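I have placed the structure first, in the form of structure tokens, so that the comments after it can refer back to it.
The values are calculated or read from the model by the stated rules, or taken from the named source; none is laboratory data. This is a predicted model, so every value here is computed, not measured. Heads up, the Cβs are rebuilt from the backbone with ideal geometry, glycines too, and the neighbour counts pull from every protein chain shown. SASA here: full protein model, heavy atoms, side chains in, ligands and nucleic acids out. Shrake-Rupley method; radii C 1.70, N 1.55, O 1.52, S 1.80 Å.
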Amino acid sequence: MPSSHALAGLMKWLARDPWRGAFADVVEQHIGRAAGHSGVADLEELGELVGDHWATTLWGCAFEDFLTREVEGIGNVVDDYLKRRGWKETAMNKAYMAALRSSTMSLYEASDIQPGRSFLARDLLRGGEPIRVSERTATKTINPWDRLAMRIVEVRDETI
């Protein structure tokens with residue numbers, strides 16, 4: 001399973017042109033209008049209002065969405081990063097980035113939770129049979145029938 005720092009290089013890559021502006025547009029699409037209605041100017045101020053954890057979660061949703069997008073005229077940030085800096089990444093990190101790049105956000109219902117190991121996730125939007133997801137941390141706090149908005153990816157024969 002990828003470490004918590006698996007995407008650190010890719011996150012730094014966002015600060016470069018032409019990705020910086022394109023990512024700022026996606027963040028604006030995700031939280032801009034709601035923040036504007038509340039008089040919130042930026043992500044830091046949002047963190048003060050709702051808490052840093054939730055502001056970081058919102059940023060993470062925008063980030064993952066951005067990883068899946070083709071930006072007109074410049075392509076996809078994951079493809080660009082792996083082409084130019086992929087040699088610096090572990091095979092696991094590269095596989096994780098590639099899996100995120102082609103992932104889809106959905107709403108899942110949790111069941112058969114095995115704390116510290118895995119749970120069953122049933123896609124409430126797209127249907128299908130529940131799938132076993134390997135997850136060590138969240139399985140200690142989620143409860144049966146909780147609904148989770150997330151991306152499930154297959155990385156080297158493991159569903160995470």
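Restricting Ala110, Ala95 to those that are under 22 Å from Leu67 (Cβ atoms) and of a type in the set (A, V, I, L, M, F, W, C) reduces the list to Ala95. Selection of region 133-149 for residues being within 9 Å of Ala110 (Cβ to Cβ) and open to solvent by 90 Å² or more (accessible area, probe 1.4 Å) yields Trp145, Arg147.
Residue check: Thr137 meets all listed conditions (1) modelled with pLDDT under 95; (2) out of contact with any Gly (no Cβ under 9 Å at 6 or more places or on another chain) but one, namely (2). One residue stands out in region 110-122 among those that are in a strand (DSSP E or B) and more than 14 Å from Asp146 (Cβ to Cβ): the one that is least open to solvent (accessible area, probe 1.4 Å), namely Ser118. Among the residues making up region 102-119, those that are in contact with a helix residue (DSSP H, G or I) (Cβ under 7 Å, 6 or more places away or on another chain) and of a type in the set (S, T, N, Q) are Gln114, Ser118. Of all residue pairs spaced 6 or more apart or on separate chains, those with beta-carbon atoms under 7 Å, a first member in region 98-125 that is farther than 13 Å from Ile160 by Cα and among the charged types (D, E, K, R) and a second member that is in a strand (DSSP E or B) and open to solvent by 50 Å² or more (accessible area, probe 1.4 Å) are Glu109/Arg122; Glu109/Arg147. Reported count of residues in region 126-137, each being more than 20 Å from Leu67 (Cβ to Cβ) and either among the aliphatic types (A, V, I, L, M) or in contact with a strand residue (DSSP E or B) (Cβ under 6 Å, 6 or more places away or on another chain) (or both), is 4.
Filtering region 88-109 to residues that are open to solvent by 50 Å² or more (accessible area, probe 1.4 Å) and not in a helix (DSSP H, G or I) leaves Thr90, Ser102, Thr104, Met105, Leu107.
In a residue-by-residue description of region 123-142, the property of being assigned to a helix (DSSP H, G or I) and within 24 Å of Asp25 (Cα to Cα) applies to no position. For region 1-59, the set of residues classified as open to solvent by less than 70 Å² (accessible area, probe 1.4 Å), at pLDDT 90 or above, farther than 30 Å from Asp157 by Cβ and part of a loop (DSSP other than H, G, I, E, B) consists of Ala15, Pro18, listed by residue number.
Of everything in region 60-79 that's open to solvent by 40 Å² or more (accessible area, probe 1.4 Å) and among the acidic types (Asp, Glu), which residue is farthest from the chain's Cα centre (by Cα)? Looking at the filtered set, the residue picked out is Glu72.
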